[in-house]
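Enquirer: Could you have a look at this structure, given as structure tokens, before my questions?
Please treat every number below as a calculation from the coordinates, not as lab data. Just so you know, these numbers come straight off a predicted model, no measurement behind them. Virtual Cβ from ideal backbone geometry, glycine too; neighbours counted across all protein chains shown.
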């Protein structure tokens, strides 16, 4: 099967960012399929350009065996009009690219929703080529605009994205859901859709090795991910300050990553003289597992939001579980992988005192108890987030379309 994946923010594992589609493409290529990824050449997680754009010479960049087709897009750093313009330019460049017909014709096209305009372009191209269109719902539009961006329900952009969402769900012959509650989400909006395939963010358990925990005097708490408005790192810094005051030199908070909030977070640490927090440069995705091995506890935090009533599928949580580390997750959602896996503690979001108490509670467990939590998480990842089985599941579901 030949598949085109159109995801504006897809990246290879040479920088920080969502490698979901690279990992999936690599696995499908190993299984004998042919996959092309179409992406924008600007990474919003790092604020840097990562590749040369697609050229008239039909240059394709290969990362291992995975081909990327890059399109030039303008930069942006915040959720503003520049981000919308970035989405618009990617979709426009994709739709007007005269070289697409020279590429091997796909059997189907997957359009992913972190940019709804990119997914819309994918649907248009699939229609022109008369091949099946598969819609992957990752970010919820226009809900993301309203809950995180603060847009009103009657804002023109909200209305436009709502219309695009309806068109995409109706045009799609299959829907790939990253969030476990997407079927209920669509039903709640009275959207009649085709079959929904749940494919959460995954981990390659063949390459993600579970390192044993080690006994240490200082407990290392690790956050690995983007420094953006959606990840509530401010609450983690407040929790770090509480721990610093109550337990001097007992906890070390390590922040690995990059993003638009990094400078502000570093300033907060400096102004408040928080001594137990350290920042670390972002790493390529394939080097993150070795860094996770340094952690005693891994943490993830999100803001309070109605978005999470449909669940979440954060790459960092999947990576934490696969690495066999106890996890603290600050989220308010009926879909709670940490509690279900018995791999750590779930706390209320935006509550630094509760987050600090959870860190103390986990660190106070015996070595064997903490190792058991890590083993539970690893086993849960094997059962639910295993790339091998999810790639096979996806192909089995899509094969009837072609």
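Enquirer: If you build a Gaussian network model of the chain, linking Cα atoms that sit under 10 Å apart, which residue out of 101, 74, 18 swings the most?
Expert: Looking only at 101, 74, 18, the biggest GNM fluctuation is shown by 101.
Enquirer: Using only DSSP helix segments of four residues or longer, with each worth -39500 (n - 2.57), what per-residue ellipticity at 222 nm results for the chain after dividing by its residue count and rounding to 500?
Expert: My calculation for the chain gives -11500 deg cm²/dmol from helical runs alone.
Enquirer: Using a 7 Å offset from Cα along Cα-Cβ at residue 152, what residues in segment 304-341 end up with backbone N under 20 Å from the label point?
Expert: So the set is empty, nothing qualifies.
Enquirer: A further question follows. Using only the alpha-carbon atoms, how far is helix 116-129 inclined from the longest principal axis of the chain? Give it as 0 to 90 degrees, nearest 10.
Expert: 30 degrees
Enquirer: Starting from the Cα-Cα distance between residue 366 and residue 339, subtract it from 0.36 nm times their residue separation and give me the gain in nm to one decimal.
Expert: 7.8 nm
Enquirer: I would also like to ask the following. Which peptide among 395-402, 135-142, 290-297, 318-325 comes first, and what is the full order, when sorted by highest mean count of other Cβ atoms within 10 Å?
Expert: 318-325, 135-142, 290-297, 395-402
Enquirer: Output the 0 to 90 degree angle, nearest 10, between the alpha-carbon long axis of helix 156-171 and the longest principal axis computed from the alpha carbons of the chain.
Expert: Helix 156-171 sits roughly 70 degrees off the main axis of the chain.
Enquirer: Any chance you could give the angle, 0 to 90 degrees and rounded to 10, that helix 20-30 forms with the longest Cα principal axis of the chain?
Expert: 60 degrees
Enquirer: Further question: Note down the relative contact order for the chain as a percent, whole number, built from C-alpha pairs under 8 angstrom at least six residues apart.
Expert: The normalised contact order for the chain reaches 15 percent.
Enquirer: With the Cα gyration tensor of segment 219-384 giving a ≥ b ≥ c as the square roots of its eigenvalues, does the rule (a/c under 1.5 for rounded; else a/b larger than b/c for prolate; else oblate) give rounded, prolate or oblate?
Expert: It comes out rounded by the Cα gyration axes.
Enquirer: Subtracting the Cα-Cα distance from 0.36 nm times the residue separation, let me have the gained length for residue 217 to residue 88 in nm, one decimal.
Expert: Gain on stretching residue 217 to residue 88: 41.3 nm.
Enquirer: What is the gain in length, in nm to one decimal, between residue 395 and residue 129 on full extension, counting 0.36 nm per residue of separation less the C-alpha to C-alpha distance?
Expert: 93.7 nm
Enquirer: Highest mean first, how do 158-171, 342-355, 113-126 rank when packing is the count of other Cβ atoms within 10 Å averaged over residues?
Expert: Answer by packing, highest mean first, reads 113-126, 342-355, 158-171.
Enquirer: Express the relative contact order of segment 219-384 as a whole percentage, based on alpha carbon pairs under 8 Å and six or more residues apart in sequence.
Expert: The value is 24 percent.
Enquirer: Can I ask one more? What whole number of Å gives the distance from the Cα centroid of segment 146-186 to the Cα centroid of segment 371-402?
Expert: Between the Cα centre of segment 371-402 and that of segment 146-186, the gap is 26 Å.
Enquirer: How many percent of DSSP beta bridges within the chain run antiparallel, rounded to 5?
Expert: In the chain, DSSP labels about 10 percent of beta bridges as antiparallel.
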